[in-house]
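Down below is the structure, laid out as structure tokens.
The values are calculated or read from the model by the stated rules, or taken from the named source; none is laboratory data. Just so you know, these numbers come straight off a predicted model, no measurement behind them. Cβ sites come from the backbone with ideal geometry, for glycine too, and all protein chains shown count toward neighbours.
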Amino acid sequence: MSDILIRNAATGDMPELLRIYEAARGIMRKSGNPHQWADGQPREEELSAHIAKGNLYVCEDGGKPFAAFACIPGEDPTYRKIYEGRWLREAPYRAVHRIGSDGTHGGTLKMIMDHCAGFREDLRVDTHRDNGIMQHLLVKLGFTYCGIIYLENGDERLAYQRCTD
């Protein structure tokens with residue numbers, strides 16, 4: 001992993017992005033998380049919208065993409081209400097979404113969260129209840145479980161936050 005680079009995704013990355021997310025769905029299914037992204041999420045239109053806003057990033061090794069994620073500044077509407085808990089604080093934050101890896105590199109989530117922490121804002125992230133791997137890694141990386149949020153479509157997610165200080 002000597003030539004690792006995290007950069008903004010570009011429209012020309014779409015074939016690799018779709019490959020990465022397909023691999024991520026397979027990894028989730030094999031690890032006991034068959035429901036998250038089962039409907040083909042994230043879709044090309046959603047990824048294109050993130051690219052247009054400059055919020056989608058690619059992790060690559062020697063020019064070959066192996067992971068992608070969105071790091072979005074500002075208030076996330078799905079984080080306005082939290083149930084069975086509370087956010088650690090109401091400071092400015094970035095939401096980290098659409099984290100996907102093709103499984104070829106270890107330590108990818110740490111790399112992603114270290115990159116997002118460079119923006120010097122609190123980080124919020126959510127994950128599916130069946131995504132035990134992500135839950136374990138988030139806690140290992142200093143995130144605190146804060147409660148339950150609901151996506152716009154009504155799906156439940158477990159919410160985590162890591163403060164900058």
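In table form, for the structure just shown:
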{"read-out": "Considering residues of region 1-50 that are without any contact (Cβ under 8 Å) to a residue 24 or more places away in the chain and of a type in the set (A, V, I, L, M) only, the residue surrounded by the most Cβ atoms within 10 Å (Cβ to Cβ)", "value": "ALA49"}
{"read-out": "Looking only at region 68-93, and only at residues there that are buried (at least 19 other Cβ atoms within 10 Å of the Cβ) and without any contact (Cβ under 8 Å) to a residue 40 or more places away in the chain, the one that is farthest from ALA38 (Cα to Cα)", "value": "ILE72"}
{"read-out": "Extreme residue, surrounded by the most Cβ atoms within 10 Å (Cβ to Cβ), among residues of region 94-127 that are more than 16 Å from ARG7 (Cα to Cα) and of a type in the set (Gly, Ala, Ser)", "value": "ALA95"}
{"read-out": "Matching entry among GLY142, GLY103 (being without any contact (Cβ under 8 Å) to a residue 40 or more places away in the chain and among the small types (Gly, Ala, Ser))", "value": "GLY142"}
{"read-out": "Per-region count, region 123-141, residues assigned to a strand (DSSP E or B) and among the β-branched types (Val, Ile, Thr)", "value": "2"}
{"read-out": "Residue that is farthest from MET14 (Cα to Cα), among those in region 79-128 that are of a type in the set (Lys, Arg) and in contact with a Lys or Arg (Cβ under 8 Å, 6 or more places away or on another chain)", "value": "ARG124"}
{"read-out": "Enumeration of residues in region 64-92 that are small (Gly, Ala, Ser), more than 18 Å from the chain's Cα centre (by Cα) and at pLDDT 95 or above", "value": "GLY85"}
{"read-out": "All strands (runs of 3 or more DSSP E) inside region 39-103 with 3 or more residues being in contact with an Asp or Glu (Cβ under 9 Å, 6 or more places away or on another chain) and more than 16 Å from ARG19 (Cβ to Cβ)", "value": "93-101"}
{"read-out": "Given (1) out of contact with any Phe, Trp or Tyr (no Cβ under 7 Å at 6 or more places or on another chain); (2) at pLDDT 95 or above, number of the condition GLY40 does not satisfy", "value": "(2)"}
{"read-out": "Contacts under 8 angstrom Cβ, first residue in region 117-135 being of a type in the set (Gly, Ala, Ser), partner surrounded by fewer than 17 Cβ atoms within 10 Å (Cβ to Cβ), 6 or more apart", "value": "ALA117/THR164; GLY132/SER31; GLY132/GLY32"}
